Amino acid sequence: MTPLILALLAGGVAGVSLGALGAGGSILTVPALIYLLGFTPAAATTASLVVVVVTSVSALVAHARAGAVRWRAGLLFAAAGLLPAAGAGALSARLPAAVLTLLFAAVAALAGLHMLRRRAPGGSGTVSGVRAAGAGAGLGAVTGFLGVGGGFLAVPALVTVLAVPMSAAVGTSLLVVAANGLVALAGRAYTAVHLDLTLLLPFLAAAVLGAWDGRRLAAKVSAGTLRRVFGALLLAVAVAMGATAVL
């Protein structure tokens, strides 16, 4: 299978995950870029931020049209993560490849376990400014370090910390993901990382189309089924990446 076909297929899967669940797209993007398309870990996490920003904005449009975005809550949550995202983005390029890979494997495992949970988080209705700031800052740092949007963290945090209904949490998380990703990408602007655009652009195009398909898929397939499929896939990715980094 040619690299171009692999880029299209992997981009489509990442986009479907992001569009259907508001999460998981970038966590599939990084290993796909490394193991299928030959990107270095530093280049893969930077390229992933490009994919995160563009696909999140694309999927956000669909959710916004459906009235499923809480703009004020999302902007407040994102604001707390902007500085950590920029700082972590600048620091990430200096980490050894093995360390970056292990950190990413740990986050992928966390995301997979979260997706395999049967119950969705429930909001308590009590909003703490300190908790909101801490959750937003942590999400921004994860985005900056590893090039992941962190939707799997943003959705439950929005529900439990900012009392956003689940019906609007996915769309609102896309706003947070896009904002953090853009700032993290700006933090890496000065680093000399080569991105193969002949593979990245087809991957990105397929991810954008996949995000729109994922939005439609979510209306036809139960959320629990989608989450279990992607959760199992992420756990497999985490094990493979961890083994590669250690051996």
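Here are a few things to note about the model shown:
- Of the residues making up region 17-37, at least one is at positive phi and open to solvent by less than 10 Å² (accessible area, probe 1.4 Å).
- Entry remark, region 83-101: residues being assigned to a helix (DSSP H, G or I) and either more than 15 Å from Gly181 (Cβ to Cβ) or open to solvent by 60 Å² or more (accessible area, probe 1.4 Å) (or both) number 7 in total.
- Scanning region 70-96 for residues that are basic (Lys, Arg) and in contact with a helix residue (DSSP H, G or I) (Cβ under 6 Å, 6 or more places away or on another chain) yields a single hit, Arg70.
- Condition broken by Ala184, with the remaining ones in (1) assigned to a helix (DSSP H, G or I); (2) over 13 Å from Ala47 (Cα atoms); (3) open to solvent by less than 10 Å² (accessible area, probe 1.4 Å) satisfied: (2)
- Complete set of residues in region 154-170 that are assigned to a helix (DSSP H, G or I), farther than 26 Å from Thr46 by Cβ and in contact with a helix residue (DSSP H, G or I) (Cβ under 7 Å, 6 or more places away or on another chain): Leu158, Val159, Val161, Met166, Ala169
- Output for region 61-75, where each listed residue is farther than 12 Å from Ala168 by Cβ and either open to solvent by less than 20 Å² (accessible area, probe 1.4 Å) or over 19 Å from the mean Cα position of the chain (by Cα) (or both): Ala62, Arg65
- Any hit, region 200-207, residues being more than 16 Å from Pro31 (Cβ to Cβ), open to solvent by 10 Å² or more (accessible area, probe 1.4 Å), at pLDDT below 80 and among the hydrophobic types (A, V, I, L, M, F, W, C): no
- Pairs are defined by a Cβ separation below 6 Å, a sequence spacing of at least 6 or placement on different chains, a first member in region 164-176 that is more than 11 Å from Leu60 (Cα to Cα) and touching a residue at least 12 places away in the same chain (Cβ under 8 Å), and a second member that is open to solvent by 10 Å² or more (accessible area, probe 1.4 Å) and part of a helix (DSSP H, G or I); the pairs so defined are Val164/Ala73; Ala169/Val155.
- Meets criteria (in contact with a Phe, Trp or Tyr (Cβ under 6 Å, 6 or more places away or on another chain), under 25 Å from Leu28 (Cβ atoms), at pLDDT 75 or above and surrounded by 22 or more Cβ atoms within 10 Å (Cβ to Cβ)) for Gly140: no
The values are calculated or read from the model by the stated rules, or taken from the named source; none is laboratory data. Values in this document were obtained by computation on a predicted structure and should not be read as measured data. Don't worry about glycine lacking a Cβ; one is built from the backbone with ideal geometry, like all the others, and counts go over all protein chains shown. Protein only, heavy atoms only, side chains kept; ligands, DNA and RNA dropped before computing areas. Shrake-Rupley method; radii C 1.70, N 1.55, O 1.52, S 1.80 Å.
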